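Read-outs: derived from the displayed coordinates by stated rules, not from any lab. The shown structure was predicted, so the numbers you read here are calculated from the model rather than taken from an experiment. Every residue, glycine as well, gets a Cβ built from its backbone with ideal geometry; the counts of neighbours run over all protein chains shown.
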Amino acid sequence: MKNYLFLAAAILCETIATSFLKKTEQFTKIGPSIIFVLAMASSFYLLTFALKGIPIGIAYAIWSAVGIVLISLVGYFAYQQKLDLPAIIGIGFIIVGVVIINLFSKSSVH
């Protein structure tokens, strides 16, 4: 369970970092650039602890799916970026894939 808390914290930091990536304006804005670098470094640091008990492929699948959903929400609310139906369906398939991995794959048990 502790490994999944580290993974959740890593995903949250990565989402914060990615949220600021657009605001860095190709790393020409120092404040958002510093936030991006610190959040991304924190994310990878926390991920190392999650990988003590979660296989890397499973962790990355969860990281990707949750990150895609969260950053899509950030894009919608912070940047007024809308997703069309095919994009929403595709994201749904990614989520379903991660759920299948976690419920049925013996690979996720470490």
Select from 15, 28, 48 the residue whose mean-square fluctuation is largest in a Gaussian network model of the chain (Cα-Cα springs shorter than 10 Å). 28
In degrees from 0 to 90, rounded to the nearest 10, what is the angle of the helix 2-21 Cα long axis to the longest principal axis of the chain? 20
From the Cα centre of segment 46-67 to that of segment 75-95, the distance in Å is 22
Which of these, 17, 65, 87, has the largest mean-square fluctuation under a Gaussian network model of the chain (Cα springs below 10 Å)? 87
Compute the long axis of helix 56-79 from its Cα atoms, compare it with the longest principal axis of the Cα atoms of the chain, and write down the angle in degrees, 0 to 90, nearest 10. 30
Chain lengthening between residue 106 and residue 80 when straightened (0.36 nm per residue, less Cα-Cα): 5.4 nm
What does the convex hull of the Cα atoms of the chain come to per residue, in Å³, rounded to a whole number? 99
Let me know the shape class of segment 34-94, please: from the alpha-carbon gyration tensor, a ≥ b ≥ c as square roots of the eigenvalues, rounded when a/c is under 1.5, otherwise prolate if a/b is greater than b/c, or oblate. oblate
Listed with the fewest Cβ neighbours within 10 Å leading, 20, 27 appear as 27, 20
Return one number: the angle in degrees, 0 to 90 and rounded to the nearest 10, between the long axis of the Cα atoms of helix 85-104 and the longest principal axis of the Cα atoms of the chain. 40
